[in-house]
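A short write-up of the structure that comes next.
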Amino acid sequence: MLPFTQIQGLNSAWQWYKNGISIPVLRNKIHPYYGTYFPTRFEHLILFDNWLKHYKGSKKTAIDVGVGCGVLSLQMIQHGFQKVFATDTNPNAIVGLAKHMGTTKLSRKIELSHADLFGNYTKQTELIVFNPPWLPKTHELNGIDDAIYYSDTLFEDFFTQAKTRLAPGGKLVLIFSNLAQITNATTAHPIEYELAHGNRFQLEKKYTKSVKPASSKTKRDQHWRSLENVELWIMTRPEDTALHNQNN
Ligand SMILES: C[S@@+](CC[C@H](N)C(=O)[O-])C[C@H]1O[C@@H](n2cnc3c(N)ncnc32)[C@H](O)[C@@H]1O
């Protein structure tokens, strides 16, 4: 016996999986498994795509933490990255993407791992990307909640591990939003906090873009939508600047 709302949820998930979802920055549709996060607004993906267009560094490898439906990994492959290592703690995300790629060329370019943060990927890489949850946790997390709410330790653990994985000259790219601030969930901003107190990374550039409301039909409680901005944070290792200054 399942409640009707869950049946509706299962049906929607099945339709999305079967028919696929078009994402403006991708050539092909994605087919997310039940319980897998996929974007319904695209401003942050457009910011990332524009940044990738002008990216001049090496494109040998990248790491995508929290791959979800795979959109960021697919964007990197479209922009010429040879290999992306991708993790997610949600098994449905990993199984769904693995099944979607099958044995195609893509499956050799995106290596998936059902794991926390960087999993077993210990080698250094020139690009690390993470679109983390945007809201602080207020209740016990399960399933797809992990895509939306972050625990107290997520960002500290992420930045600690990212520090050892980012190759010299590499870029650490985070996608975030002012959603928590404008909905009064918290005044804290984990990326600003890291830059001010972490001593691990420095800001190269921050891009922002305002977000259009998801749908004109869902006006209820959405007055803050007009204030929403997405953010693309590009960070580097402080050692790189020190070296650059020394050489000039
Ligand atoms: C906001 S979604 C982003 C998904 C996808 N990268 C995108 O941009 O559409 C965050 C993803 O990170 C995953 N996640 C959350 N905490 C994680 C962790 N500690 N390690 C790995 N993945 C995590 C979630 O399951 C979810 O798929």
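Ser12 versus Thr89, label points 7 Å from Cα toward the beta carbon: distance in nm?
With each label placed 7 Å out from Cα toward Cβ, I get 2.3 nm.
Using label points projected 7 Å from each Cα along Cα→Cβ, tell me how many nm separate Ala185 and Ile148, to one decimal.
0.8
Rounded to two decimals, what ratio of Rg to Rh does segment 1-140 give with C-alpha atoms and a Kirkwood Rh?
0.98
When the helix-only estimate is applied to the chain (DSSP H runs of n ≥ 4, each -39,500 (n - 2.57), divided by the residue count), what is the mean residue ellipticity at 222 nm, nearest 500 deg cm²/dmol?
-10000 deg cm²/dmol
Using a Cα-Cα cut-off of under 14 Å, which aspartates and glutamates could be cross-linked to Lys137, ignoring same-chain neighbours fewer than 8 residues away?
Asp145, Asp146, Asp152
Give the cross-link partners of Lys83 among the lysines, using a straight C-alpha distance below 19 Å as the criterion and excluding same-chain residues fewer than 8 apart.
Correct list for Lys83: Lys53, Lys56, Lys59, Lys60, Lys99, Lys105, Lys109, Lys123, Lys171.
Expected output is a single nm value to one decimal: the length gained when fully extending between Lys99 and Gln202, i.e. 0.36 nm times separation in residues minus the C-alpha distance. What is it?
That pair, Lys99 and Gln202, stretches by 33.3 nm at full extension.
Please work out how much accessible surface His31 shows to a 1.4 Å probe, ignoring ligands, DNA and RNA, in Å² rounded to 10.
Near enough 50 Å² of accessible area.
Given R₀ = 22 Å, FRET efficiency for Leu227-Lys163 by Cβ-Cβ distance, to 0.05?
Computed FRET efficiency for Leu227 and Lys163: 0.10.
Heavy atoms only, probe 1.4 angstrom, no DNA, RNA or ligands counted: give me Trp16, Trp134, Trp233 ranked by accessible area, highest first.
The ranking, largest first, comes out as Trp16, Trp134, Trp233.
Return, for the Cα atoms of segment 116-216, the radius of gyration and Dmax in Å, separated by a comma.
14.7, 46
Can you give the FRET efficiency for Ser58 and Asn245, using 1/(1 + (r/R0)^6), R0 = 22 Å, r = Cβ-Cβ distance, to the nearest 0.05?
After rounding to 0.05, the efficiency reads 0.50.
State to the nearest 20 debye the size of the charge dipole of the chain about its Cα centre, where the only charges are +1 on K and R beta carbons and -1 on D and E beta carbons.
Rounded to the nearest 20 debye, it is 1140 debye.
May I ask you to work out the translational diffusion coefficient for segment 43-247 at 4 °C, viscosity 1.567 mPa s, via Stokes-Einstein with Rh from the Kirkwood sum over Cα pairs, reported in whole µm²/s?
Translational D for this selection: 72 µm²/s.
The values are calculated or read from the model by the stated rules, or taken from the named source; none is laboratory data. Since we're looking at a predicted model, the values are computed, not measured. Note that we place each Cβ from the backbone using ideal geometry, even for glycine, and neighbour counts take in every protein chain shown. Ligands, DNA and RNA are stripped out before the accessible areas are found, and what is left, the full protein with its side chains, is counted by its heavy atoms. Shrake-Rupley method; radii C 1.70, N 1.55, O 1.52, S 1.80 Å.
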